[in-house]
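Note sheet for the following structure.
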Amino acid sequence: MLRRPRRNRKSAVIREMVEETRLSTKDFIFPLFLIDGINQQVEVNSMPGIYRYSLDLMLQEVETCMELGIRSFDIFPAYPDNKKDRFATESHRPETFYLKAIHSLKQRFPEAVIMTDVAMDPYSSDGHDGLVQDGKILNDETLEILGKMALAQAQAGADILGPSDMMDGRVGYIREVLDASGYTDVSIMSYTAKYASAFYGPFRDALDSAPKSGDKKTYQMDPANAREALIEAELDSSEGADFLMVKPALAYLDIIHLLREHTALPIAAYNVSGEYAMIKAAAERGWLDGERAMLESLLSIKRAGAQIILSYFAKEFALLTR
Ligand code: PBG
């Protein structure tokens, strides 16, 4: 036998020499959940090890993460029902706790990258990403609200805005609003191929943001479709997105790969709440080795073509590999 592939697996050093994909703490964006108040830290039931923090404790958490080498954070707010309305008015009120927190995070950690989420759901009494009227999600009317939200987040100091709403035309609309106000340096990481997925369940628990009626299938993509992701990618890049994101990650590795082949823009993937919860739940029962399952799934996301990974495992990964 002339060819024996096992020779390249014969020792740890050789295996590392031929390793094609390597994860680094620098690949990650760590999503964090923010709540109002002081000295609050509440674990998310369906996400063991993941907490909702009030700003004071979030500042401490970010400091710990920065020491571990995590430098990018995506902040999501959880609002009580009494702050929600049809128009997500709270999302662009300058004094709201989310915007004040973004400002404080940037003041305290100027070198960190702070990403925000642009969508109506945390502030909407309907629990939808867009404006609801007679059971329909209105597209163009939603853009105006998203524009106000995006501008408020840029004013608060966000480095990257993440439109996660899947309305048509929102990347271009937000880009124009930002540029018209002088925020030409604020980046957009578009949720380009965001699927109508069961894997967002634990996130909606964390934010108490599940739709009050209906589902998100008229705006989020059908899990059956791959080529449609190319249409979204083409639009988002022509509308000025700086990064394209695929979400969820693990059930959509083919989509990550597809976009990677079709664009020169950096590809991000969101390893979502349900993907985290599955591994944690099985590990808690002793049904699989949680650490190895985490590393293997994160590696698969990078191997598929994502150079940026949003993951609730970011801190655990950093702790494990420091
Ligand atoms: C909402 C939003 C969702 C997530 C990020 N932004 C949920 C949804 O679309 O219902 C999900 C993230 C996760 O599951 O970890 N705009």
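The values are calculated or read from the model by the stated rules, or taken from the named source; none is laboratory data. Since we're looking at a predicted model, the values are computed, not measured. With ideal geometry, Cβ positions are generated from the backbone for all residues, glycine too; neighbour counts draw on all protein chains shown.
Would you call ALA283 hydrophobic (A, V, I, L, M, F, W, C) and within 13 Å of the ligand (Cβ to nearest atom)? For ALA283, the condition - hydrophobic (A, V, I, L, M, F, W, C) and within 13 Å of the ligand (Cβ to nearest atom) - is not met.
Applying the condition of being assigned to a loop (DSSP other than H, G, I, E, B), closer than 24 Å to GLN41 by Cα and touching an Asp or Glu at 6+ places or on another chain (Cβ under 8 Å) to segment 73-110 and asking which residue is farthest from the ligand (Cβ to nearest atom) yields PHE109.
Across segment 120-135, the number of residues qualifying as over 13 Å from LYS216 (Cα atoms) and either crowded, with 24+ Cβ neighbours inside 10 Å or touching a helix residue (DSSP H, G or I) at 6+ places or on another chain (Cβ under 9 Å) (or both) comes to 5.
In this entry, GLY162 is excluded by the filter for residues that are more than 11 Å from the ligand (Cβ to nearest atom) and not hydrophobic (A, V, I, L, M, F, W, C).
Residue-by-condition table, conditions (1) modelled with pLDDT of 95 or more; (2) surrounded by fewer than 16 Cβ atoms within 10 Å (Cβ to Cβ); (3) away from the ligand (no atom under 16 Å from the Cβ):
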{"site": "ASP205", "(1), (2), (3)": "no, no, no"}
{"site": "SER209", "(1), (2), (3)": "no, no, no"}
{"site": "ASP215", "(1), (2), (3)": "no, yes, no"}
{"site": "GLN220", "(1), (2), (3)": "yes, no, no"}
{"site": "ALA224", "(1), (2), (3)": "yes, yes, yes"}
{"site": "GLU228", "(1), (2), (3)": "yes, yes, yes"}
{"site": "GLU232", "(1), (2), (3)": "yes, no, no"}
{"site": "GLU239", "(1), (2), (3)": "yes, no, yes"}
{"site": "PHE243", "(1), (2), (3)": "yes, no, no"}
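Considered as a group, the residues in segment 86-119 that are within 23 Å of VAL177 (Cα to Cα) and of a type in the set (S, T, N, Q) include one that is surrounded by the most Cβ atoms within 10 Å (Cβ to Cβ), and that residue is SER91.
Would you call TYR200 part of a loop (DSSP other than H, G, I, E, B), within 12 Å of the ligand (Cβ to nearest atom) and within 19 Å of the chain's Cα centre (by Cα)? Judged against the criteria, TYR200 is not a match.
On inspection, ILE70 qualifies as in contact (Cβ under 8 Å) with a residue 12 or more places away in the chain, in a loop (DSSP other than H, G, I, E, B) and among the hydrophobic types (A, V, I, L, M, F, W, C).
Filtered by the rule that a residue be more than 23 Å from PRO77 (Cβ to Cβ) and either within 12 Å of the ligand (Cβ to nearest atom) or surrounded by fewer than 16 Cβ atoms within 10 Å (Cβ to Cβ) (or both), segment 169-183 gives GLY169, GLU176, ASP179, ALA180, GLY182.
Out of segment 184-197, which residues are surrounded by 16 or more Cβ atoms within 10 Å (Cβ to Cβ), within 14 Å of the ligand (Cβ to nearest atom) and either of a type in the set (Gly, Ala, Ser) or at positive phi (or both)? SER190, ALA193, SER197, listed by residue number.
Does LEU138 fit the bill of being farther than 16 Å from PHE243 by Cα and of a type in the set (A, V, I, L, M, F, W, C)? So LEU138 fits the description; yes.
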